[in-house]
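Input: a single structure, listed below in structure tokens.
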Amino acid sequence: MSKPSAEPVPPGEPPPEISDEDLLAESLVTPERFAAIFDRYAPVVHGYLSRRVGVLADDLMSETFLLAFRGRDGYVPGRAPVRAWLFGIATNLVRRHARDEERRYRAFGRAAGRLEVTTELGEVAGRVDAQGLRGELADALASLAREDRDVLLLWTYPQLSYAEIAVALDIPVGTVRSRLHRARGKVRDRLSDRWLTTEETA
């Protein structure tokens with residue numbers, strides 16, 4: 001007896017979404033398929049970059065996806081989600097502009113009286129006891145070592161897991177944990193003994 005065929009998708013219902021990994025694999029044969037990866041992740045990658053380097057975000061987002069497209073045959077399925085791979089590329093590009101990023105946070109700190117916690121620092125403040133943080137938070141981020149800031153902001157804005165951050169930054173999970181612990185401790189000290197409220201999740 002022959003095996004019954006798969007059930008058809010009922011009329012009016014969208015077909016199951018193709019996974020990121022399948023899209024990337026298909027793009028090796030049909031490059032146009034990569035556009036779907038761009039559509040899925042361009043907004044969040046741009047948001048992450050804009051919070052780190054401001055007006056440079058447009059250029060760095062374009063470069064992130066260009067490098068991803070050119071290097072897509074090097075992506076290893078199953079090692080980590082495609083989004084972690086993309087954020088790794090974006091973070092490497094940010095590292096070239098570390099001074100711009102630090103100046104940006106210092107400027108936020110100086111302009112604290114004119115900022116709302118819900119603006120570009122909102123995602124960080126959202127995982128911190130945010131009462132009265134504006135200038136202190138910006139100064140705290142500027143004071144972090146680049147490696148610690150990378151981990152903290154990947155954990156905060158796109159909310160990558162420890163395992164995803166490890167792949168994005170090409171470091172062990174244990175290093176992610178120690179850098180995040182150190183970054184949170186330094187931020188906590190700068191924020192006048194306020195503490196991060198969201199529990200860590202592996």
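Charge tally around residue 35: other residues with Cβ under 14 Å, Lys/Arg +1 each, Asp/Glu -1 each, net -1.
Here the Karplus curve 6.51 cos²θ - 1.76 cosθ + 1.60, taken at θ = phi - 60°, turns the phi angles of segment 180-190 into couplings of 5, 4, 5, 5, 5, x, 5, 5, 4, 5, 5 Hz, with x standing for Gly and Pro.
Listed peptides 26-34, 145-153, 77-85 appear in the order 145-153, 77-85, 26-34 once ranked by packing, highest mean of other Cβ atoms within 10 Å at the front.
Between residue 17 and residue 63, the C-beta separation translates, for a Förster distance of 25 Å, into a calculated FRET efficiency of about 0.40.
Read-outs throughout are calculated quantities, based only on the coordinates presented, and are distinct from any laboratory measurement. Everything quoted here is computed from the prediction, not taken from an experiment. Positions of Cβ are backbone-derived with ideal geometry, glycine not excepted, and every protein chain shown enters the neighbour counts.
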